[in-house]
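In what follows, a structure is listed as structure tokens, so that the remarks can point back to it.
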Amino acid sequence: MNSLTLLQVAWVALRVNLLRSILTMLGIIIGVAAVIIMLALGAGARYDVDQQIKSLGGNVFVVFARGRFMGGAREASGSSQGLTEMDAQAIEQQIPEVNVAAPTLRASGQLIYGNLNWAPEIHGVDNKIYTAQSWELAEGRSFSDTELASAGRVAVIGQTVKRELFGAADALGQTVRVNKMPVTIIGVLKGKGQNTQGNDQDDLIFMPLDTVRKRIAGMTLSSPKAVRSIIVQVTDERDMAIVEQQLDSLLRQRLRISDNQSGFSIRNLAEMVETRSQTMQIFNGLLAAVASVSLLVGGIGIMNIMLVSVTERTREIGLRMAVGAEPRIILKQFLVEAVLLCAMGGLIGLTLAVAVSLGLEYFAGFTAIIQPQVVVMSLGFSCLIGVFFGYYPATKAARMQPIEALRFE
Amino acid sequence: MSHTVVETKALEKHYQMGGQHLRALKDISIRIAQGDFVAVMGPSGSGKSTFMNMIGCLDAPSRGQILLQGEALTQLSAAALAKVRNKYIGFVFQQFNLLPRTSALDNVLLPLLYNNTPRDEARARAQACLQLVGLGDRLDHQPSQLSGGQQQRVAIARALVNDPALILADEPTGALDTETGLEVMQLLQQLHQQGKTIVLVTHESDIAAFASRQLLFKDGSLISDRSSIPHSASAELALLRQQRMKEVAV
């Protein structure tokens, strides 16, 4: 009996008991669908995290000046010798693995244009910020050297700010007032959208460092070139560990901080996102594990029904043996039935999973990615379940004695 | 002397039943020749079914020897016995044993699935056998759509499809009324006339009378082996139908 015939015979046997076959498959269908959906959501979450890391730059450190301990008393952030633009220069020049080190300042304030007002994040930057944070200009230009050196009253705004203050109108060349100071818009950034925490990354305005420092913040800073943080971009992501060490020792030396004191912190944004995503990964893995339990239960259902089927068809088995079926062929026939049942269940489950994943993406805004290896694995696994749980019933069928089977009532 | 189909030599079958030793068959030596129509008779428990299982290669003897077409069956494995059954023996059972929800054609095809007969040839042969038993117009009917007599004829077609050396019919009329029973016997007699070797197991002497040789079993022993001129099933069927007509007329 060739394999095609075996498949036909199995197909006929399953079709004869159509409802029962479908109900039996249900266990596998649900199990496979659940496993695939869970893994798809896991992969989707992973993808989101990767995207976020990419947008933050997986190769980026942010160095913050921090209050340090002086004789046991902690001083406020930025209150003593903090980071300066010179530190940023030194980082860029002395650590060869660093591509760019962009000094930044933060201030708060209100923008007024006509009768509208808006309060975005105000960043004091120089042109290195574009490289360090992967910003691009949608229109206009970046700061000129003169503007940077002379605390020019110019600004580059994000998409959200443009939308809120100018709507569809042209923003370039317009003057807005920032804390009462008139500032000319010279550029508009391309949009980045929300980050994974749901914060709007486009709600910001860039101005030259000096402008923010002198004209807006009015901060009393320890140094005329003080900055709040330095964004350090490393050329090759694999050098992150080395650069971190070098940053630490370079800054300790420059800020005159001994090893057991803290005066700054070096943070890897990608790492922070990663840590958060790991929790999610574990949760997802747990769900997938629960889902695979249902697959196991489905497999036991298959065995159950196959055992019933073998008993119910004892006379058929006897007859097949009488007309010349070898035990081996009876074994194969029932195995093929079980595997066919599982394989079809797997396929239907896969279809269901694809449908549900698309639905989740479309209606609930999840990212679900069905990886090809998951498809292959889950189909292979359902066939394996068929073989595993079909084997015992099939052996039972093959071991029957033809006379007893024929007489079975 | 014509060609021997089955021969048993000092055949014994013992069972262990509830601690009791049972000799189901005692020293049976028999020869069945090509073209014989043998009725195996006896009350229940006489050993006739056991005998049929032995020569049908469904069960192995405890002692003695069976030769089928000159081949000794004693030492064969379950798989080898299955091949022998497929090649040499066609079974007809009391309960027909057709596959439910399967067409007549596919039922008749079944033995050919197990010897890898090409699909087209198998179909042609199955169709021819169904025509031979008078069901050429019911190839696609399922057992549930056929009468008892028709179902038994499908079973006979299935027994014929491999052109076996021996047809074993175990109480083939047992589940049928007198008229359809006679129709089935008529069909078996026709097959006998075409040269088939048939062994018929029955406990009814009327049915056994349609065979040309009667073996009588009792308590596991063969107590009589005689040849006779067989009654004609066609003649009896005609008679029966005549009577029926009269009854209806009255």
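To the nearest 100 Å², how much accessible surface do chains A and B cover up together, summed over both, with a 1.4 Å probe?
Adding both sides of the contact gives about 2100 Å².
For the Cα atoms of chain A, what angle does the longest principal axis make with the long axis of helix A:240-255, in degrees from 0 to 90, nearest 10?
20
Run the numbers on segment B:52-72: which residues show a drop of 20 Å² or more in accessible area, chain on its own versus all protein chains together, using a 1.4 Å probe over heavy atoms?
B:Asn53, B:Leu58
Excluding ligands, DNA and RNA, what is the solvent-accessible area per residue of chain B at a probe of 1.4 Å, expressed in Å²?
Averaged over the residues of chain B, the accessible area is 45 Å².
First check a/c for chain B, with a ≥ b ≥ c the square roots of the eigenvalues of its C-alpha gyration tensor; if it is under 1.5, answer rounded, and if not, answer prolate when a/b is larger than b/c or oblate otherwise.
oblate
Want the number for A:Gln51 to A:Asp170: 0.36 nm per residue separation, take away the alpha-carbon distance, what's left?
39.7 nm
To the nearest 0.05, what FRET efficiency results for B:Ser228 and B:Glu121 with a Förster distance of 30 Å applied to their C-beta separation?
0.15
Sort the following peptides by mean Cβ neighbour count (other Cβ atoms within 10 Å, averaged over residues), highest first: A:321-328, B:145-152.
Result, highest mean Cβ count within 10 Å first: A:321-328, B:145-152.
Principal axis extents for segment A:67-262, Cα atoms only, whole Å, descending order, please.
54, 37, 36
Anyone know which of A:Gln373, A:Gln233, A:Gln133 comes out most mobile in the 10 Å Cα GNM of chain A?
A:Gln373
Roughly how big is the protein assembly as shown's charge dipole about its Cα centre, with Cβ charges of +1 (Lys, Arg) and -1 (Asp, Glu), in debye to the nearest 20?
520
By how many nm would the segment from A:Val16 to A:Phe366 grow when fully extended, if each residue of separation counts as 0.36 nm and the alpha-carbon distance is taken off?
That pair, A:Val16 and A:Phe366, stretches by 121.9 nm at full extension.
Name the most mobile residue of A:Val354, A:Val308, A:Val183, meaning the one with the largest mean-square fluctuation, in a Gaussian network model of chain A with Cα contacts below 10 Å.
Of A:Val354, A:Val308, A:Val183, the most mobile in the Gaussian network model is A:Val308.
Determine the shielding of peptide A:401-409 by partner chains: average, over its residues, the number of Cβ atoms on other chains within 10 angstrom of each Cβ.
4
Would you be so kind as to identify which of A:Asn179, A:Leu204, A:Ala132 lies farthest towards the positive end of the dipole of segment A:109-213, taking Lys and Arg as +1 and Asp and Glu as -1 on Cβ and the Cα centre as origin?
A:Asn179
For chain A, which whole-number percentage of the solvent-accessible area (1.4 Å probe, protein heavy atoms only) is attributable to carbon and sulfur atoms?
Carbon-and-sulfur percentage of accessible area, whole number: 58.
At a Cα cut-off below 19 Å, give the aspartates and glutamates reachable from B:Lys26, other chains included and same-chain residues fewer than 8 away excluded.
B:Glu7, B:Glu12, B:Asp59, B:Asp219, B:Asp225
With a ≥ b ≥ c the root eigenvalues of the C-alpha gyration tensor of the protein assembly as shown, is it rounded (a/c under 1.5), prolate (a/b larger than b/c) or oblate?
prolate
Could you work out the mean count of beta carbons from other protein chains within 10 Å of each residue's beta carbon in A:323-333?
So the per-residue partner count for this stretch is 6.
Could you sort the peptides A:170-180, A:201-211 by per-residue average Cβ neighbour count (10 Å cutoff), highest mean leading?
A:201-211, A:170-180
Roughly to the nearest percent, how much of the accessible area of chain B is carbon and sulfur, given a 1.4 Å probe?
Of the solvent-accessible surface of chain B, carbon and sulfur hold 49 percent.
Once amide H atoms are placed 1.01 Å from N in the peptide plane, what residues at a sequence separation of 5 or more from B:Val40, or on another chain, have their amide H within under 5 Å of its amide H?
B:Leu200, B:Val201, B:Thr202, B:Leu215
Classify segment A:332-409 from the C-alpha gyration tensor, please: rounded if a/c falls under 1.5, else prolate or oblate depending on whether a/b exceeds b/c.
prolate
Measuring from label point to label point, each 7 Å out along Cα→Cβ, what is the A:Arg267 to B:Gln193 span in nm?
Reported label-point gap for A:Arg267 and B:Gln193 is 10.5 nm.
At a 10 angstrom cut-off on C-beta neighbours, averaged per residue, how do the peptides A:117-123, B:125-131, B:104-110, A:235-241 rank from highest to lowest?
Ranked from most to least packed, the peptides come out as B:104-110, B:125-131, A:117-123, A:235-241.
From largest accessible area down, sort A:Glu409, B:Glu171; use a 1.4 Å probe on the protein chains.
Largest accessible area first, the residues go A:Glu409, B:Glu171.
Apply the Karplus curve 6.51 cos²θ - 1.76 cosθ + 1.60, θ = phi - 60°, to the phi angles in segment A:330-347 and return the couplings in whole Hz, x for Gly and Pro.
3J(HN,Hα) across segment A:330-347, in whole Hz: 4, 4, 4, 4, 6, 5, 4, 4, 5, 5, 4, 4, 5, 5, 5, x, x, 5.
List the residues of segment B:128-158 that lose 10 Å² or more of accessible area once all protein chains are present, compared with their chain alone (1.4 Å probe, heavy atoms only, no ligands or nucleic acids).
Buried on complex formation: B:Arg158.
Set the Förster radius R0 to 45 Å, insert the Cβ-Cβ distance between B:Glu247 and B:Thr4 as r into 1/(1 + (r/R0)^6), and round the FRET efficiency to 0.05.
Plugging the Cβ-Cβ distance into 1/(1 + (r/R0)^6) gives 0.45.
State the extension gain, in nm to one decimal, for the chain segment bounded by A:Lys190 and A:Tyr392, taking 0.36 nm per residue of separation less the distance between their alpha-carbons.
66.3 nm
The values are calculated or read from the model by the stated rules, or taken from the named source; none is laboratory data. Given the structure is predicted, the values throughout are model-derived calculations rather than measurements. When we count neighbours, we look across all protein chains shown, and the Cβ atoms used for this are built from the backbone with ideal geometry, even at glycine. For the accessible areas, the whole protein counts, side chains as well, though only heavy atoms, and no ligand, DNA or RNA atoms are used. Shrake-Rupley method; radii C 1.70, N 1.55, O 1.52, S 1.80 Å.
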